[in-house]
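Engineer: After the structure tokens below, expect a handful of questions from me.
What follows draws every value from the coordinates through simple rules; no lab data is involved. Values in this document were obtained by computation on a predicted structure and should not be read as measured data.
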Amino acid sequence: MRKYAPGSKKSSPREFPVFRGGEKVKMYDVCQEEEEDAVWEKIESARHQLTRSLNPGKLTPYLRQCRVIDEQDEEEVLNSCRFPCKSNQTGYLMDILRRRGKRGYEAFLESLEFYYPEHYTRLTGREPAQRCSMILGRCFSLSSAAACVGKARNLCMYMHATCFMLLVCEEP
């Protein structure tokens, strides 16, 4: 039996208002939030495996390009003394992305779809597809994103090596 909003003639069940924290939200938004939470629960249940197999240095350039993390976040994840090993870095990156809400969730799944398709499939139940990235705000093919990320990574490695050489040369 369908439930209709009080005072309305006939509205679809999806339009029935739901109150959360005093705010009126649409049922569609609630369903979307629940799906998001379900995927984050799957991510958390696979956290040990993900932190051991994902390389945060591979994901952060793409996540920065999507503007989900900034330079400071990337620096803290990859170079902080608090996170000496890759698994700690990956765990911290996942924590940051969860705090970013829907954009963090979408960007994380996009990066998994692109770099770790087997993890993407395991978490979402869907096969990765070559598609346009919607998180960038424009149609941007993932193959061209790979080229940009590769160039950014090479530039970053070059700059890191140059800085290291300068530091070594400056020491007495």
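Engineer: Per 0.36 nm of contour for each residue apart, how much would the distance between residue 81 and residue 55 grow if the chain were fully extended, relative to their Cα-Cα spacing?
Structural biologist: Full-extension gain reported as 7.6 nm.
Engineer: In units of 2.2 N^0.38 Å, what is the alpha-carbon radius of gyration of region 67-127?
Structural biologist: Numbers: Rg = 12.3 Å, N = 61, 2.2 N^0.38 = 10.5 Å.
In units of the 2.2 N^0.38 Å rule of thumb, it is 1.17.
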